[in-house]
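Working notes, structure below.
The values are calculated or read from the model by the stated rules, or taken from the named source; none is laboratory data. Just so it is clear, the structure is predicted and the values come from calculations on it, not from any experiment. Cβ atoms come from the backbone with ideal geometry, glycine included; neighbour counts cover every protein chain shown. For the accessible areas, the whole protein counts, side chains as well, though only heavy atoms, and no ligand, DNA or RNA atoms are used. Shrake-Rupley method; radii C 1.70, N 1.55, O 1.52, S 1.80 Å.
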Amino acid sequence: MPTRDGVVYTETVVHAAPEQYAADAPYQLAIIDIDGGGGRITARILNRAQIGDRVRFVEDRNGVAYYSK
Amino acid sequence: MRSVAVVGIGKTPFGAFPDRDLRSLAVEAVENALRDATVDPKQVEAFYLGNFAGPSFVGQNHLAPYVGMAAGFEGIPCTRFEDACASSGAAFFHAWQSVAAGVYDIVVVGGVEKMTSQTTPKVAEILAGAGDMAGEGRAGATFPALFAMIARRHMHQFGTTREQLAAVAVKNHANGAKNPLAHMRKIVTMQQVLAGKPISDPLTVYDCSLVSDGATAVVIVPLEHAARFNPRFAKVLAVTQTSDHVALDHKSDITLFPAVKAAGEKAYKMAGLSPKQIDLAELHDCFTIAEIIASEDLGFTTKGQGGPFAASGATAIGGQIPINTSGGLKSKGHPVGATGVGQLCDIVMQLRGDAGERQVAKHNIGLAQNLGGSGATCVVTILEAS
C-alpha cells in the first residue's frame, strides 16, 4: 500500500467558508507534499500544523482527505 | 496584422446597486464608451462580452445578445467570454485579434458582473467555481483560502511580512479614495488592516478585493482610423493571453504565476519594451499578495522582493512605478467580469491625463494585468498614449 502521509507545503485556517462548509469553520486547509514523490493534495488538517510539519493521513470523508500532525 | 487602438472607454461606478440589474449596468457602460468614441451603435460590427458567472449570480444565460440588443446593436455577432476573473481581458484579447486580422473595423468589448444580490457565503461558493471543484473546492478552498496559502508560502520562502501585505491595501485604498467611481472610497490604516476580520489566515478582510456590481466597455478600431473617432485614442502596443493549471496543487511553485510571467514576457517582446519603460500599471490585486507576486512576475522588482518593494513606496503615485492608481480591485471594487476591461479604461484615463487627483506625472505607456482564478489565465495589455 503506498503511503499517503507527507509534509505540509502550505496551509491556511479558513474563517469565511463557502455555503456548504459554513458549519465546519474555522477549519485548516493545506496542500500536502505526499511522501515518495506521490504528488500534492489539497486536504484538511484536523489539528493545526505549519509549513514543513509532517502529517499523517487519517481518513477520507466524502472524497476529502483528512490529516493529523 | 493591423495595429489597433482604443478610441472609447466607458464605466459605471462600481458598488452595491440593489436597484440595478445586470443588463442596465452593461448597457450604461457600452453607451458611455460609444459616446466617447463618437460611434453609433448601428456602426458596431461585433460585441465581445466578458462575464464570469451571470448564470449563477442572477440566473441569466445568453448574456451577450441580451445586452447587445438593449445597447442598440443590430444583428451582429454577440458572444460571452468566460475565463474567471480574466473574462473581459480574454474578451479584449479575442476582439483585438479580430480587428488586427482585418475581420472587423469597429468592435465593442464589454465586461459586467452583478454580484451583490447573493449572500457572502453564496458568493464564496460561486467564486470557488473558478478553481478545481473536484479537488481543492471539495476540500473547502475558497478564493481567499487559495491566495492565503500562496501568501503563507511566499512569506515562508522570501520572508514577506504581514505588514508588507497590508502596505498594498493601504496604498490602494489611498488611491481609490480619490477615484469617484470606486466602490470603497476610504483610506485605511496599517492598524486597521492588521486588526481586520480574519477571512483566511493570514488574510484579513482588508487583504481581499470587494464584491461589487459594475460594468465596463471599450471601443476598438484599426489604428489608421483611430484619430477620426477620437484624437485621444490609445494605441495597443501588445496584448497577450496565457494559461496554466486551474488547481493550485498542480503547480510546482505557487510563489509565482507562470501564466503572468509568460504573458508579460510575450507582451514586452511584442511591444519592444522592457519593464523599466512602463510608466504605470494596473495589476490584478484580487488579494494583496497577488499584487506583490505580479510585480515580481512582470519584472518591476526581483523575485521575492515584491513585499519590501510595495512597502518602500515605489508603487505609490509618485513612486518609481505607480501600481493601481485607480484603487485596484481592493478599493475600486471587483465586479469579476468587468475587471479586465475596467483596468484598460483606468490606464487610458491616465494616458489621456484625465485621472484628476490620481494623475501620474509620466503617462505615456501603461500596462494592465488581468488574472483568472489562482493563475490559470492571464491577459497582459500594454497601451501607449496618442
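With a Förster radius of 35 Å applied to the C-beta separation of B:Gln97 and B:Ser312, the computed FRET efficiency comes to 0.35. Shielding by partners for peptide A:57-64, expressed as the average number of C-beta atoms from other protein chains within 10 Å of each residue's C-beta, is 1.
The average projected area of the stretch B:1-76, computed from the convex hull of its Cα atoms over all directions, is 6.1 nm². As a rough guide to protection, the peptides B:139-149, B:263-273, B:77-87 ranked by mean Cβ packing within 10 Å, highest first, stand as B:139-149, B:77-87, B:263-273. Rounded to the nearest 20 debye, the dipole magnitude of the protein assembly as shown is 680 debye, with +1 charges on Lys and Arg beta carbons, -1 on Asp and Glu beta carbons, and the Cα centre as origin. Dipole check for chain B: with +1 at the C-beta of Lys and Arg, -1 at the C-beta of Asp and Glu, and the Cα centre as origin, the magnitude is about 600 Debye.
Annotation for A:Asn62 and B:Lys269: the two label points, set 7 Å from Cα along the Cα-Cβ direction, are 4.6 nm apart. Relative protection proxy for A:29-37, B:95-103, B:307-315, B:168-176, from highest mean packing down: B:168-176, B:307-315, A:29-37, B:95-103 (other beta-carbon atoms within 10 angstrom).
Compared with the dominant principal axis of the Cα atoms in chain B, helix B:22-37 is inclined by about 60°. Length available on full extension from B:Met133 to B:Gln191: 0.36 nm per residue minus the Cα-Cα distance, which gives 17.4 nm. Relative to the longest principal axis of the Cα atoms of chain B, helix B:143-158 runs at roughly 60 degrees. Ranking B:Ser243, B:Val205, B:Asn230 by how far each Cα lies toward the positive end of the dipole of the stretch B:194-247 (charges on Cβ) leaves B:Asn230 at the top. Radius of gyration over Kirkwood radius for the stretch B:179-219, both on Cα atoms: the Rg/Rh ratio is 1.10.
Take the Cα of B:Ser117, go 7 Å toward its beta carbon, and the backbone nitrogen atoms of the stretch B:331-361 under 17 Å from that spot belong to B:335-338. Only protein heavy atoms count here; under a 1.4 Å probe, B:Asp40 has an accessible surface of about 70 Å².
How much accessible area is lost when chains B and A come together, counting both sides, with a 1.4 Å probe, in Å² rounded to the nearest 100?
2300 Å²
Here the stretch B:1-82 has 49 percent of its accessible surface on carbon and sulfur atoms, given a 1.4 Å probe and all protein chains in place. Using +1 at the Cβ of each Lys and Arg and -1 at the Cβ of each Asp and Glu in the protein assembly as shown, identify which of B:Gly328, B:Phe57, B:Gln369 lies farthest towards the dipole's positive end. Highest projection toward the positive end goes to B:Gly328. Shape of the stretch B:281-335 from its Cα gyration tensor (a ≥ b ≥ c, root eigenvalues): rounded if a/c is under 1.5, otherwise prolate when a/b > b/c, or oblate? Oblate is the answer for the stretch B:281-335, as a/c is 1.5 or above yet b/c matches or exceeds a/b. Under the classification rounded if a/c is under 1.5, otherwise prolate if a/b is larger than b/c and oblate if not, where does the stretch B:130-257 fall, given a ≥ b ≥ c as square roots of the Cα gyration tensor eigenvalues? Oblate, because a/c is 1.5 or more while a/b does not exceed b/c.
With Cα atoms as the point set, the stretch B:198-252 shows a radius of gyration and Dmax of 19.6, 52 Å. For the stretch B:307-337, the residues whose backbone nitrogen is under 15 Å from a point 7 Å from the Cα of B:Glu163, taken along Cα to Cβ, are B:307-313.
The magnitude of the dipole of chain A, with charges of +1 and -1 set on the Cβ of Lys/Arg and Asp/Glu and taken from the Cα centre, is near 120 debye. Size check on the stretch B:240-348: the Cα extents along the three principal axes, sorted descending, read 38, 30, 29 Å. Rg and Dmax of the stretch B:187-300, based on Cα coordinates, read 18.1, 53 Å. Measuring max minus min along each principal axis, the C-alpha atoms of the stretch B:246-300 give extents of 35, 21, 13 Å (largest first). Principal-axis analysis of the Cα atoms of chain B puts helix B:87-100 at an angle of about 40° to the longest axis.
The mean accessible area for residues of the protein assembly as shown, using a 1.4 Å probe and ignoring ligands and nucleic acids, is 35 Å² per residue. Please report the orientation-averaged projected area of the stretch B:98-176, defined via the convex hull of its C-alpha atoms, in nm². Answer in nm², one decimal: 9.9.
Remark on the stretch B:153-194: accessible area falls by at least 40 square angstrom from chain-alone to full-complex state for B:Arg153, probe 1.4 angstrom. Legend: P(r) of chain A from all alpha carbon pair distances, 10 Å bins from 0, whole percents, reading 23, 54, 20, 3. The residue among B:Phe287, B:Pro18, A:Ile32 whose Cα reaches farthest toward the positive pole of the charge dipole of the protein assembly as shown, with charges on the beta-carbon of Lys, Arg, Asp and Glu, is B:Phe287. DSSP beta bridges confined to the protein assembly as shown are antiparallel in about 80 percent of cases. Short to long, the 20 Å bins of the Cα pair-distance histogram for chain B hold 33, 60, 7 percent of all pairs. Across the stretch B:329-386, the relative contact order, built from alpha-carbon pairs under 8 Å that are at least six residues apart, equals 31 percent. Size descriptors for the protein assembly as shown (Cα atoms only): Rg and Dmax, in that order, 21.3, 71 Å. For B:Val39, neighbours were defined as the other residues whose beta-carbon sits under 14 Å from its Cβ, and their charges (Lys and Arg +1, Asp and Glu -1) total -3.
For the pair the stretch B:303-363 / the stretch B:180-206, the C-alpha centres are spaced 17 Å from each other.
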